[in-house]
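FYI, it's all coordinate maths here, none of it is from the lab. Everything quoted here is computed from the prediction, not taken from an experiment. In this analysis, Cβ positions are derived from the backbone assuming ideal geometry, glycine residues included, and neighbour counts consider all displayed protein chains.
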Amino acid sequence: MTTGAPTPSSSARPPHSRLRTFLPLGVAAWLVLEIWLLTVVAGAASGFTVFLLLLAGFVLGAVVIKRAGRRAFQNLNEALQRGGSPSKGSGNGLMMLGGLLLMIPGLISDAVGLLLLIPPVQKALSRYAERTFDRTLRRATPGTFGDAFQQARIHRPDGKVVQGEVIRDEPGTASQEPRPPLTS
């Protein structure tokens with residue numbers, strides 16, 4: 001018996017991204033590797049040594065997160081008093097991520113967390129992330145979230161944000177109704 005409704009075809013579903021496919025596998029492999037490494041270290045030293053390593057990582061991570069949070073709050077407070085925006089590249093976000101990785105039980109996450117606390121690594125990662133983010137925004141098509149974010153990122157030379165809308169003259173596109181400006 002048919003209802004007259006079209007039957008869904010397999011092409012109607014959007015394809016899964018590689019990240020959505022491989023992220024659960026990566027997390028599972030990371031967990032297995034962390035557990036295996038903890039058992040190897042516990043067999044070589046002792047269970048108490050592993051417990052002390054995990055406890056030290058947790059305490060150090062809490063201290064790092066507290067210090068980075070305090071520094072971020074001070075930068076924000078100073079920027080608000082100056083009337084500007086917080087300074088770029090202060091590395092507080094990567095410090096917080098490093099502290100969080102230190103707090104997660106495991107030796108691999110502790111090693112990555114300690115790596116993120118090194119200032120040259122922070123600078124290199126922040127430059128890479130900024131370039132990747134800018135490249136993604138440049139490829140944003142009209143009507144997407146990236147396009148809306150790009151419209152909101154209109155800056156004057158002094159760094160202050162100006163409300164407005166990006167107007168593009170792209171050949172071959174029909175004129176559409178103007179979009180209303182973004183408001184907060």
Checklist entry - What are the residues whose amide H is under 5 Å from the amide H of L117, where those residues sit 5 or more places off or on another chain and H is modelled from the backbone? => result none
Checklist entry - With labels modelled as points extended 7 Å from the Cα through the Cβ direction, what inter-label distance (nm, one decimal) is found for R139 paired with F51? => result 5.0 nm
Next on the checklist: Could you give each residue of the range 101-118 its phi-based ³J(HN,Hα) in whole Hz, using Karplus coefficients 6.51, -1.76, 1.60 with θ = phi - 60°, and x for Gly or Pro?
Outcome noted: 5, 5, 6, 6, x, x, 8, 5, 5, 5, 5, 5, x, 5, 4, 5, 8, 7
Checklist entry - Once the Cβ-Cβ distance between R18 and R67 is put in as r, and R0 is 45 Å, what FRET efficiency do you end up with, to the nearest 0.05? => result 0.80
